[in-house]
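The values are calculated or read from the model by the stated rules, or taken from the named source; none is laboratory data. Treat the numbers as computed from the prediction; the structure is a model and nothing was measured. Positions of Cβ are generated from backbone atoms using ideal geometry, with glycine treated the same way; all protein chains shown enter the neighbour counts.
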Amino acid sequence: MAISKQSRSALPIGTIFLAFLFVVATAFAVIFYLQIGKLKKETSDAKTKLALYVSPMAEASPEISPLVSAASPNRTVVQQLLRQLSDLKQAIAGVSTPVSQLVGVNGTVNAALSSVGVQPGTPLTTAIKTLGTRLTTSNKSADEYHALYRNYRRRFHAVEASFNANVAAMKQKLASSETRIAAITTQRNSLASEVAAQASQFQSKISGQQTKYVSDLRNQVVASQQYQQELAKAHMTIGELRATIAGSRPPSQGANAIEAQAAGKVLKVSSNGDLVYINRGSDDHITVGLSFAVYSAEKGVGSGTHAGGKGSIVVIRVGRFASVARITHLARNQAIYPGDIIANPVYSRDLNRHYSFVVYGDFDVNGNGVPTAAGREQIIRMIKAWGGKVVDHLTSQTDFVVLGSPPSTLVAPATPSRDNTALADMQRESLARYNRLQSTAQALSIPVLDANRFLAMVGYYVHPLQPGD
């Protein structure tokens with residue numbers, strides 16, 4: 001009974017344990033609630049503060065979302081942005097400069113772009129593209145210049161190689177020449193030694209005879225003096241004889257030498273009076289077509305009008321010792337007779353003697369009264385065909401000067417020009433040379449023949465003339 005009563009008065013242990021658990025749970029609930037409120041407040045404050053840095057729209061942007069994804073307590077979004085901004089400033093300006101000073105109107109970026117010709121305010125991407133285009137163009141030009149440089153360098157190397165090859169060849173030739181010179185020098189020294197030895201031997205040989213030669217030489221000098229005296233007397237006698245002969249026959253040299261140049265004589269005249277036979281043939285180098293002037297033997301070569309004598313003939317047939325010629329011209333009241341002499345200043349019987357002529361001026365060989373340069377060429381052909389020589393320069397060895405008409409008088413052109421001036425200079429020079437030839441020939445006593453005199457003395461006539469013309 002007692003045991004039952006005690007059990008009813010005491011609190012059950014389970015109740016106490018439950019009450020303890022309730023109190024603990026209530027305390028934890030109160031603490032948890034307080035912590036949740038605090039966290040909500042902190043979260044609200046953090047969201048409010050975060051809204052000052054990034055909005056929900058900005059947070060969703062492709063530029064910010066990677067930063068948010070990579071954010072951590074030690075690497076926040078703001079820290080990442082600050083780091084990127086610092087890198088950007090460092091990349092742009094190389095220094096820590098506020099962004100406003102970098103990208104402002106007068107900032108570092110615009111100043112840098114303006115320095116390379118980009119207008120201020122141009123977007124950076126556009127500026128970069130422009131500069132990229134310029135860089136591409138510059139690189140292309142640089143490549144072209146590099147290509148030209150390489151081309152010139154290749155050409156230089158080619159020229160250098162050729163030059164080196166030439167130098168090597170020249171060195172080889174020089175070495176060969178030096179070798180030949182050394183050999184020639186050695187040979188020359190050897191020959192000089194031989195000559196010296198021979199000279200010594202010769203000197204030793206003649207030394208013994210020198211005394212005898214000196215004695216003989218003295219005797220010869222005495223005899224020579226005697227001969228000189230006799231020779232002087234002979235020269236005096238010869239001079240006297242020459243003076244006597246000079247007065248009796250024409251000179252063979254000097255200004256009148258042409259008068260002594262008779263080439264032969266007329267042997268016979270045909271019965272009808274149109275052909276003559278002369279004493280010169282092929283052995284005397286007579287050729288068909290060679291013409292002669294015919295002179296009276298008493299009057300001599302050079303007589304008659306223009307020194308043309310009494311007429312002219314041209315060879316038509318040639319024999320060994322004689323030839324037949326046709327009469328081409330007779331002067332008025334003249335006739336050709338046996339014994340008349342013939343002459344042509346170009347013709348020479350001696351093949352080793354060719355008379356030399358200087359021919360200058362214009363000549364009328366066609367009988368139309370108009371002297372031309374073509375006429376001069378025909379005169380030159382005549383002289384060469386008949387065995388004479390035509391030279392350009394007048395010397396003391398020249399035999400004859402043949403002068404045609406002098407250059408015409410200069411006429412000033414209405415409109416001066418370079419060609420007219422050059423022509424006038426040529427005409428003046430031609431006239432000056434014409435006058436020089438005349439004066440020089442006179443100073444050297446060389447016969448000067450004008451056109452009429454030359455043609456008459458060689459027996460040249462354009463048309464066969466009748467007797468009395």
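Could you tell me which residue of segment 261-300 is nearest to residue 349 (Cα to Cα), considering only residues that are of a type outside the set (Asp, Glu) and free of Cβ contacts under 8 Å to residues at least 24 places away in the same chain? It comes out as 299.
Residue 323 passes every criterion in (1) surrounded by 13 or more Cβ atoms within 10 Å (Cβ to Cβ); (2) among the small types (Gly, Ala, Ser); (3) touching a residue at least 60 places away in the same chain (Cβ under 8 Å) apart from (3).
Per-residue answers, yes or no, for (1) within 39 Å of the chain's Cα centre (by Cα); (2) at pLDDT 85 or above; (3) not hydroxyl-bearing (Ser, Thr, Tyr):
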| position | (1), (2), (3) |
| --- | --- |
| 352 | no, no, yes |
| 364 | no, yes, yes |
| 376 | yes, yes, yes |
| 384 | yes, yes, yes |
| 394 | yes, yes, yes |
| 408 | yes, no, no |
| 422 | yes, no, yes |
| 443 | no, yes, yes |
| 447 | no, yes, yes |
